[in-house]
1. For segment 169-215, how big is Rg over Rh, using alpha carbon atoms and the Kirkwood form of Rh?
2. Trypsin sites (Lys or Arg not before Pro) within segment 96-205: which are DSSP loop residues with at most 10 other Cβ atoms inside 10 Å?
3. Modelling each spin label as a point 7 Å along the Cα-to-Cβ direction, I'd like the N134/R111 distance in nm, to one decimal.
4. Show me, bin by bin at 5 Å from 0, the whole-percent P(r) of segment 85-177 based on Cα pairs.
5. For V18 and S292, what is the calculated FRET efficiency with R₀ set at 25 Å and r taken between the beta-carbons, to the nearest 0.05?
6. I want to check the label-to-label distance for V213 and L151. Put each point 7 Å from Cα in the C-beta direction and report it in nm to one decimal.
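Values quoted throughout were computed directly from the atomic coordinates according to the rules given, and no laboratory measurement underlies them. Predicted, not measured: the structure shown is a model, and the values here were computed from it. Here the Cβ is made from the backbone with ideal geometry for all residues, glycine too, and neighbour counts use every protein chain on show.
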Amino acid sequence: MHRTTEKLWRVLGVPLAVAVAAALVLPPVVGTYWLQVFTAAVVYSVVALGLGILQGRVGLISMGQIAILAIGGWTALRLEQAFGLPLPLLLLAVGLVTAVVGVLIGLPALRLSGLHLALVTLMLAAALAIVLTNAGFPNGGGGLLGHDPLLPGNVALPRPSWATTDEAYFRLTVLVCALLFALALAHLRGRPGRAWAAIRQSEFAARSAGINVTLYKLVAFALACFMTGVAGGLLAGSSGGLSVYQFAPQESISLLAVVLMAGMGSPWGAVLAGVLMKVMPAVTDLFGVSSSLLLVLFGLGLVQTLVTSPGGIVGQLGSDLGRLGRRLRPRPAGAPAPVAPGTPFDTPPPVRSPDDGHPAAGAAPSFTSARREGR
């Protein structure tokens with residue numbers, strides 16, 4: 001029992017601790033506008049984590065997560081208007097719907113990989129953007145789509161009575177996203193995570209080891225789309241509702257670049273990716289700089305990451321902090337000082353001189369002297 005509790009705390013401890021800290025610190029400090037920005041950043045961190053699982057852990061390049069996010073928001077609005085479900089049940093239903101969509105996408109994509117899979121999922125995002133432009137998000141209208149063009153604009157997902165304010169809804173969003181992070185970490189540290197690592201290394205070797213490659217690929221698609229769909233449902237409850245301009249196809253490209261730059265294989269990289277996606281544009285707007293400049297900066301950052309730090313910003317930062325900690329760690333008494341790489345020793349080992357056969361520092365042994373000495 002104690003071992004189970006300890007293992008559960010390892011999975012839930014860090015996400016919940018960070019969630020509690022963010023929920024307590026940010027709302028009293030920032031204003032309403034920045035609270036909405038940080039809510040969107042938290043939502044997009046879950047989307048980035050789903051993309052990190054697909055590409056960073058399984059090796060499946062998907063550029064359709066923004067489309068899944070839009071499907072999650074659309075489904076949440078339509079189910080709420082049709083059935084009036086409570087928010088917890090609504091988010092669970094939205095996650096299951098998008099998980100099924102992920103499996104349906106994953107079935108034909110099992111024979112694809114690399115650039116081909118990326119192009120197919122990008123075409124999905126572009127097609128969905130066209131559909132949303134013509135159909136719109138549900139705004140209380142009749143029919144299957146629930147959109148009435150005569151009604152003004154879109155509507156936001158109704159919030160529960162205990163989370164009507166922006167501060168309370170931010171705390172709710174942080175809590176739900178922390179649980180999604182814990183769900184992802186539980187998969188990554190369990191059997192699916194080990195199977196995904198084997199599949200990423202070599203599918204043939206994974207099949208030889210008895211791993212059901214098809215099943216675990218579908219599990220990865222279902223998990224990533226489940227998390228992204230729940231995130232879309234949370235985003236539908238933000239102030240102002242959803243707009244078709246939020247889910248443009250180029251957003252998928254920006255998300256992929258940001259996730260690669262932040263650190264694809266780390267949950268902390270997903271958090272940083274959410275901040276870069278939503279907080280950085282708000283910061284540039286605050287200083288009167290066009291947010292289009294961020295595309296240039298993201299491109300330069302992506303090139304620098306691929307060249308010098310494949311682990312992304314988070315991976316490089318962790319490596320630098322670990323190196324600094326080893327340098328600052330006190331050495332035991334009598335232990336020799338560490339030698340920096342490339343630094344010569346104070347006393348070089350003696351080397352035989354080819355002339356007199358006596359040791360001479362710095363002289364390289366000749367081939368004839370080595371044969372003469374039987375070496």
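1. Result: Rg/Rh = 1.24.
2. Within segment 96-205, the qualifying trypsin sites (Lys or Arg not before Pro) (loop, at most 10 other Cβ atoms within 10 Å) are R111.
3. Reported label-point gap for N134 and R111 is 2.8 nm.
4. Values per bin, smallest distances first: 3, 10, 12, 16, 17, 17, 14, 7, 3, 0.
5. About 0.20, to the nearest 0.05.
6. 4.8
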